[in-house]
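Computed from the coordinates by the stated procedures, all read-outs in this text should not be read as laboratory data. Since this is a predicted model, take the numbers as computed values, not measurements. Every residue, glycine among them, receives a Cβ derived from its backbone with ideal geometry; neighbour counts consider all protein chains shown.
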Amino acid sequence: MPWPKGEYPPSYKNLPKKLREKAVEIANAILEESGDEGLAIATGLKRARETQSKPKEKNS
């Protein structure tokens, strides 16, 4: 079942808001494709953390 805006899996409870929102967005997309909630939760969090840790490009 996808997570509507403002709702999220219990394992995302202590995440910073921006990271949690991105993880839910990714998890919902994966859930729609695979139907596997466990995979969606784990992958959503992993990919959200990856996007947060990437250095931002500077415009020259």
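Work out the length of the dipole vector of the chain about its Cα centre, built from +1 on the beta-carbon of each Lys and Arg and -1 on the beta-carbon of each Asp and Glu, and round it to the nearest 20 debye.
Using Cβ point charges on Lys, Arg, Asp and Glu, the chain gives about 520 debye.
Against the longest principal axis of the chain, how steep is helix 37-53, in degrees 0 to 90 to the nearest 10, with axes from Cα atoms?
Helix 37-53 sits at roughly 10 degrees to that axis.
Over the Cα atoms, compute the radius of gyration (one decimal) and Dmax (the largest Cα-Cα distance, rounded to a whole number) for the chain, in Å.
When restricted to Cα atoms, the chain yields Rg and Dmax of 12.4, 44 Å.
Hey, fewest Cβ within 10 Å first, where do Thr43, Thr51 land in order?
Thr51, Thr43
Choose one of Ala48, Gly38, Met1: the residue whose Cα lies farthest towards the positive end of the charge dipole of the chain (beta-carbon charges +1 Lys, Arg; -1 Asp, Glu; about the Cα centre).
Selected residue: Ala48.
What aspartates and glutamates does Lys5 reach when the alpha-carbon gap must be under 15 Å and sequence neighbours fewer than 8 apart in one chain are set aside?
Once the sequence-local aspartates and glutamates are set aside, what remains near Lys5 is Glu21, Glu25.
How far is helix 17-34 tilted off the main Cα axis of the chain, in degrees rounded to 10, range 0 to 90?
With both axes taken from Cα atoms, the answer is about 50 degrees.
What is the distance, in nm, between label points placed 7 Å from the Cα along the Cα-to-Cβ direction at Lys13 and at Glu33?
Simple spin-label model gives 2.9 nm for this pair.
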